[in-house]
Amino acid sequence: MGGMHGNEQLGIALVRLLKEQPILGVQTVIGNPRAVKAKKRFTESDLNRSFGGQKGTYETRRAQRLAKLAASFDVVLDFHNTLTPQNNAAFVGVGCKPTLFKLCKQFGLRNCVEATYDCINKYCLNTISIEISVNDTLDDASYWYQKVAALAEIGIAADKGDVAVFRFTRRVTWQEKEANEYKGWVPFQPLSIADQKEVGLEGTVVPIFIGSTLTEYYATLLRKERTQ
Ligand SMILES: [Zn+2]
């Protein structure tokens, strides 16, 4: 699936590539065709926040169709881009198919977030969302075409190494960042002891989506749950 968000190009390019050079056993879908046409994240409501059975928008109806479609596949790969750098990660639902953690490793993704908001992952436990920073080396449809081809041909590779699994805790506003003079944060790297005290969270806490100028949030904080 590409184009769940209409302005994120990687998945759209990958779907195009797969249509030009089909792979046996692989089907493609554009998540949000209207948003892709409009080159916008969404038209009426964020599709990846519309899987909770809400009613009333184009995207909520689309979410219902996609959830039904996803249920008929072994696994669904859902591609996204973020403008924030060094933020490559996988997103899955809590209690997802264990295969999805193996896929993380196979795809070169070492960080995995268990998403709990009304995204596709929460309701489709066979769906892994792949979030790639724009202009990263993995922001390349041909890289993913090769990965999909290998998955279709060979299946799940030997289970090597670890994936760090995280969950959302809360977000940090730009105001809060200025007030506390947070700096030097790196995606998926633990906060300093002082900053962690300031954000008021226990455990191993890491920031992601750092410095997004498109939202009121400076960063999102995750807590490390385990390695898998
Ligand atoms: Zn997205």
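The values are calculated or read from the model by the stated rules, or taken from the named source; none is laboratory data. Please read these numbers as outputs of a predicted model, since none were measured by experiment. Virtual Cβ from ideal backbone geometry, glycine too; neighbours counted across all protein chains shown. These accessible areas exclude ligands, DNA and RNA; they are computed on the full protein's heavy atoms, side chains included. Shrake-Rupley method; radii C 1.70, N 1.55, O 1.52, S 1.80 Å.
Residue under question is ARG110, and the condition is that it be surrounded by fewer than 19 Cβ atoms within 10 Å (Cβ to Cβ) and touching an Asp or Glu at 6+ places or on another chain (Cβ under 8 Å); does it hold?
On the way: surrounded by fewer than 19 Cβ atoms within 10 Å (Cβ to Cβ): yes; touching an Asp or Glu at 6+ places or on another chain (Cβ under 8 Å): yes.
Here the answer is yes, as ARG110 does meet what is asked.
Pairs only if they're at least six apart or on different chains, beta carbon under 7 angstrom, first in the range 1-28 and free of Cβ contacts under 8 Å to residues at least 12 places away in the same chain, second open to solvent by 20 Å² or more (accessible area, probe 1.4 Å); list them, first residue then second.
Within 7 Å, the pairs are LYS19/THR28.
Of the residues that make up the range 62-70, is at least one within 16 Å of the ligand (Cβ to nearest atom), open to solvent by 70 Å² or more (accessible area, probe 1.4 Å) and either in contact with a Pro (Cβ under 8 Å, 6 or more places away or on another chain) or modelled with pLDDT of 95 or more (or both)?
No: zero hits.
Return the residue satisfying two criteria in turn: it lies in the range 173-189 and is assigned to a loop (DSSP other than H, G, I, E, B) and in contact (Cβ under 8 Å) with a residue 24 or more places away in the chain, and of such residues it is farthest from the chain's Cα centre (by Cα).
Filtering first and then ranking leaves TYR182.
For the range 76-105: of the residues being open to solvent by less than 30 Å² (accessible area, probe 1.4 Å) and part of a loop (DSSP other than H, G, I, E, B), which is farthest from the ligand (Cβ to nearest atom)?
Among them, the one singled out is CYS96.
Picking from LEU221, LEU201, which residue would you name as being free of Cβ contacts under 8 Å to residues at least 60 places away in the same chain, in a loop (DSSP other than H, G, I, E, B) and not charged (D, E, K, R)?
Values: LEU221 fails: in a loop (DSSP other than H, G, I, E, B).
Among LEU221, LEU201, only LEU201 is free of Cβ contacts under 8 Å to residues at least 60 places away in the same chain, in a loop (DSSP other than H, G, I, E, B) and not charged (D, E, K, R).
Quickly run through the range 108-123 and pick out the residues that are in a loop (DSSP other than H, G, I, E, B), away from the ligand (no atom under 15 Å from the Cβ) and touching a Phe, Trp or Tyr at 6+ places or on another chain (Cβ under 8 Å).
Passing the criteria: only THR116.
Out of the residues in the range 8-44 that are among the polar types (S, T, N, Q) and surrounded by fewer than 16 Cβ atoms within 10 Å (Cβ to Cβ), state the one that is nearest to ASN121 (Cα to Cα).
So the residue we want is GLN27.
Looking only at the range 45-60, how many residues end up being open to solvent by 40 Å² or more (accessible area, probe 1.4 Å) and either under 21 Å from LEU14 (Cα atoms) or within 16 Å of the ligand (Cβ to nearest atom) (or both)?
Residues in the range 45-60 being open to solvent by 40 Å² or more (accessible area, probe 1.4 Å) and either under 21 Å from LEU14 (Cα atoms) or within 16 Å of the ligand (Cβ to nearest atom) (or both): 1 in total.
Residues in the range 140-171 that are part of a strand (DSSP E or B) and over 16 Å from LYS105 (Cα atoms): how many?
Residues in the range 140-171 being part of a strand (DSSP E or B) and over 16 Å from LYS105 (Cα atoms): 5 in total.
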